[in-house]
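Taking it in order: structure first as structure tokens, then the write-up.
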Amino acid sequence: MDQSSDGGMAASTSTRPYLIRALHDWCTDNGFTPYIAVHVDRFVQVPNEYVSNNEIVLNVGFDATSGLELGNEFIQFKARFGGVAREIVVPVDHVVAIYARENGQGMAFPAPSADAPNAPLSLAGSASPVAAAPSPPVRPPAPLRGLRLAPGPAEPQDQPKAAEPVTEPGPDDSGGPAAGGGRPALKRVK
């Protein structure tokens, strides 16, 4: 870490966007489909009809997205939901997990806290502000038990349902949902 001139520690940037990009690259390089689990509140622009328990799971593979940008502050892309292209904007601090759909390997992150500073209400140069969609009442998401995202036999209502954003090919994407079916589950890697 950097030392400031008064001998104190200078603030550093979050490691979360770097880890998200690294795991996205790992998934892509190994032929896996990268999924992100996102805590949804008024600062997240996603189709609300796919949100469950203030969480949504998104396929962020290159075959499922158009114009994917994994930035330090926001993840932005276009994806098709029910045949309709939608603009997705996710503040990086709202990503609570990234993992491979096929084997569940990945990493979980803490959900944004209610007292943490919030993301800006609009993006510079964006025609649509992030807070334009009506926001559902914010309630804390169900805690992740270990690193599993798939429901277990004793806790089916505690976990989010996966939303497969790409349902059919369109002019701005080249693929549909990956074959295989089933729900992903994160596995703890030691």
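List of remarks:
- Residue satisfying condition, being touching a strand residue (DSSP E or B) at 6+ places or on another chain (Cβ under 9 Å), surrounded by fewer than 21 Cβ atoms within 10 Å (Cβ to Cβ), over 21 Å from Ala111 (Cβ atoms) and modelled with pLDDT under 95, within set Glu69, Glu49, Glu87: Glu49
- Condition met for Arg80 (farther than 21 Å from Ser113 by Cα and either in contact with a Lys or Arg (Cβ under 6 Å, 6 or more places away or on another chain) or outside any helix (DSSP H, G or I) (or both)): yes
- Residue in region 53-74 that is part of a strand (DSSP E or B) and hydroxyl-bearing (Ser, Thr, Tyr) present: yes
- The test for being assigned to a strand (DSSP E or B), small (Gly, Ala, Ser) and at pLDDT 85 or above does not hold for Ala22.
- The single residue among Phe109, Phe74, Phe43 that is surrounded by 22 or more Cβ atoms within 10 Å (Cβ to Cβ) and under 23 Å from Thr13 (Cα atoms) turns out to be Phe74.
The values are calculated or read from the model by the stated rules, or taken from the named source; none is laboratory data. This is a predicted model, so every value here is computed, not measured. For neighbour counting, all protein chains shown are included, and Cβ atoms are generated from backbone atoms with ideal geometry for every residue, glycine included.
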